[in-house]
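The values are calculated or read from the model by the stated rules, or taken from the named source; none is laboratory data. Just so you know, these numbers come straight off a predicted model, no measurement behind them. Here the Cβ positions follow ideal geometry from the backbone for every residue, glycine too, while neighbour counts run over all protein chains shown.
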Amino acid sequence: MKIEKNSVVTFHYQMCDEHGEELESTKGNDPAVFMHSNMQMIPSLELSMVSKEPGDTYSITLPPELAYGILREKSDIRVPSKHVLTEGKLEPGMTVSIQTKEGVRPVKLLKVGKFNVDIDTNHPLAGKTLTFDIEIIDVRKATSEELSHGHAHGVGGHQH
């Protein structure tokens, strides 16, 4: 089956920066699984998968504006520490998850105070040209339950 809208895609990937440094990979771990056309990944990467099928391997390089965006100046803001979802001691330079109106997102800590933190709202990978090496493992039609929930479910059914 070829990848199309609402296909559930299982794939391995390796993501490297413009210097060839590996930033993230599923190699040696469970593959990634997502439902195509449901805004669950970088749109340009998702679009590159259309019509691919199990066994296909390919590479795609995305400039910042097609990946996580260009670096925006004046993107620093102060937020209450209670919005930081990352556990443990917080230190400047760390990438942490925060709760926003739009959902959970990663940010870089710039300054840590007693009640507030200063964060850079750029995505940690903003401004980077990224190369993805992709291996399509499996493609299937989404179940009616997955379609109603808007995302793929893991092995054995519903997983959130």
key: Pairs where the first residue, in the stretch 38-51, is among the acidic types (Asp, Glu) and the second is assigned to a loop (DSSP other than H, G, I, E, B), C-beta under 7 Å, 6+ apart   = 46/36
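Okay, residues lined up against (1) under 25 Å from residue 104 (Cα atoms); (2) free of Cβ contacts under 8 Å to residues at least 40 places away in the same chain:
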| residue | (1), (2) |
| --- | --- |
| 1 | no, no |
| 11 | yes, no |
| 18 | no, no |
| 28 | no, yes |
| 54 | no, no |
| 57 | no, no |
Residue 13 being part of a strand (DSSP E or B), surrounded by 13 or more Cβ atoms within 10 Å (Cβ to Cβ), of a type in the set (Ser, Thr, Tyr) and out of contact with any helix residue (DSSP H, G or I) (no Cβ under 7 Å at 6 or more places or on another chain) = yes
query = Is the stretch 141-152 home to any residue that is of a type in the set (Ser, Thr, Tyr), in a strand (DSSP E or B) and surrounded by 13 or more Cβ atoms within 10 Å (Cβ to Cβ)?
reply = no
message = Take the residues in the stretch 30-52 that are at pLDDT 95 or above and among the polar types (S, T, N, Q); name whichever of them is surrounded by the most Cβ atoms within 10 Å (Cβ to Cβ).
response = 48
remark   = Exactly one of 86, 121 is more than 24 Å from residue 14 (Cβ to Cβ), surrounded by 15 or more Cβ atoms within 10 Å (Cβ to Cβ) and under 19 Å from the mean Cα position of the chain (by Cα), and that residue is 121
ask   = If you go through the stretch 59-76 one residue at a time, how many are more than 30 Å from residue 10 (Cα to Cα) and touching a residue at least 12 places away in the same chain (Cβ under 8 Å)?
value = 4
request  = Evaluate the stretch 36-47: report whether one residue or more is assigned to a strand (DSSP E or B), in contact with a Leu (Cβ under 8 Å, 6 or more places away or on another chain), not assigned by TED's automatic domain parsing to the domain that holds residue 98 and not small (Gly, Ala, Ser).
outcome  = no
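For residue 117, indicate whether it is touching a helix residue (DSSP H, G or I) at 6+ places or on another chain (Cβ under 8 Å), farther than 30 Å from residue 53 by Cα and assigned to a strand (DSSP E or B).
yes
Of the residues that make up the stretch 77-92, is at least one within 24 Å of residue 18 (Cα to Cα) and either in contact (Cβ under 8 Å) with a residue 60 or more places away in the chain or out of contact with any Pro (no Cβ under 8 Å at 6 or more places or on another chain) (or both)?
no
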request  = Pull up the stretch 111-142, narrow it to residues that are among the polar types (S, T, N, Q) and out of contact with any Gly (no Cβ under 9 Å at 6 or more places or on another chain), then point me to the one that is modelled with the lowest pLDDT.
outcome  = 121
remark   = Exception for residue 111 within (1) in the same structural domain as residue 25 (by TED's automatic domain parsing); (2) in contact with an Asp or Glu (Cβ under 8 Å, 6 or more places away or on another chain) falls at (1)
